[in-house]
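Here, each number is a calculation from the coordinates, and none is a lab measurement. Keep in mind that what you see is a predicted model, and the values were worked out from it rather than measured. Neighbour counts are summed over all protein chains in view; Cβ atoms, including those assigned to glycine, are modelled from backbone coordinates with ideal geometry.
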Amino acid sequence: MKTIEKKEQSLLDELKSYGAIAVAYSGGVDSTYLADCAHEVLGQNARMIIADSPSIPRAELQEAIDMATARGWNLRVIQTNEHLSDEYLENKGDRCFHCKNELFSKMETILSEFDDVILAHGAIEDDKGDVRPGTQAAANHCVVAPLQNAGLYKKEIRILSERRGLPTAEKASFACLGSRFPTGTRIDLESMTQVEKAESILKAHGYAQYRVRHHGDLCRIEIEPTDFDKLMNERTELAAAIKATGYKFVTLDLGGYSMGSSA
């Protein structure tokens, strides 16, 4: 069995062999680690591409840009328009496919001015057990998954990220704001902005892992069960602040945070 050190070396060797690479960078744990490794072996021939669209909270985008700038990465911010796609907004279960397809299509167009640039994304070993429509989009555009090729799992990437001094080593999981709407519920930009505002309130109060699930005029909060007591102590203030974003009802999901939940 490979040690995580050998897995990382395998990753670095693969990245170096490409000569030039463009990483779909989001500021999350996996893509940040991949970006750092790519920059280490390829320098300015490693291009980090981050998407700017209404489905990404402004604070998340700015944090990702600031980190890339601080580490001297070759970063490019591009505009993606998945929010203009009716197929994305219909939210029928393949939302992620349309989002990633838009991203990879834009990356291909922008990078067409360069020769022999490999497109890469941050898929990891853990993803193999999930239904990931975005994986099909990656396959359609011949986007490689170096972390997966190296056999790296999330827990290993967190360890290796900490060794590299990456601030994302303990960062909570994140997904685009479109994931806050139950499958089958149409997404609209006004509601997506409302979700972003409500989640920013939770973040400002110190919650690390959270989701605001949108159900019309009802907001369903998912947090870690270990934070239930904290929320109960702050419930009056939180409820008032979240209602000010437009919700009539604010509820706590007693099941706690659930990654990938869409109901």
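Yes or no, residue by residue, for (1) out of contact with any strand residue (DSSP E or B) (no Cβ under 9 Å at 6 or more places or on another chain); (2) more than 23 Å from S17 (Cα to Cα):
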| residue | (1), (2) |
| --- | --- |
| K92 | yes, yes |
| R95 | yes, yes |
| C99 | no, yes |
| L103 | no, yes |
| D116 | yes, no |
| L119 | no, no |
| G122 | no, no |
| A145 | no, no |
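Checking the structure you have, find out if any residue of the stretch 100-113 is under 29 Å from E190 (Cα atoms), surrounded by fewer than 17 Cβ atoms within 10 Å (Cβ to Cβ) and basic (K, R). No, the stretch 100-113 has no match at all. Being in contact (Cβ under 8 Å) with a residue 12 or more places away in the chain, part of a strand (DSSP E or B) and over 14 Å from A175 (Cα atoms) is a description that applies to L75. The residue of the stretch 228-261 that is farthest from the chain's Cα centre (by Cα), among those that are among the acidic types (D, E) and closer than 23 Å to S173 by Cα, is D229. I'm checking my understanding of the structure. Among residues of the stretch 165-214 that are in a helix (DSSP H, G or I) and of a type in the set (G, A, S), which one is surrounded by the most Cβ atoms within 10 Å (Cβ to Cβ)? The qualifying residue surrounded by the most Cβ atoms within 10 Å (Cβ to Cβ) is A198.
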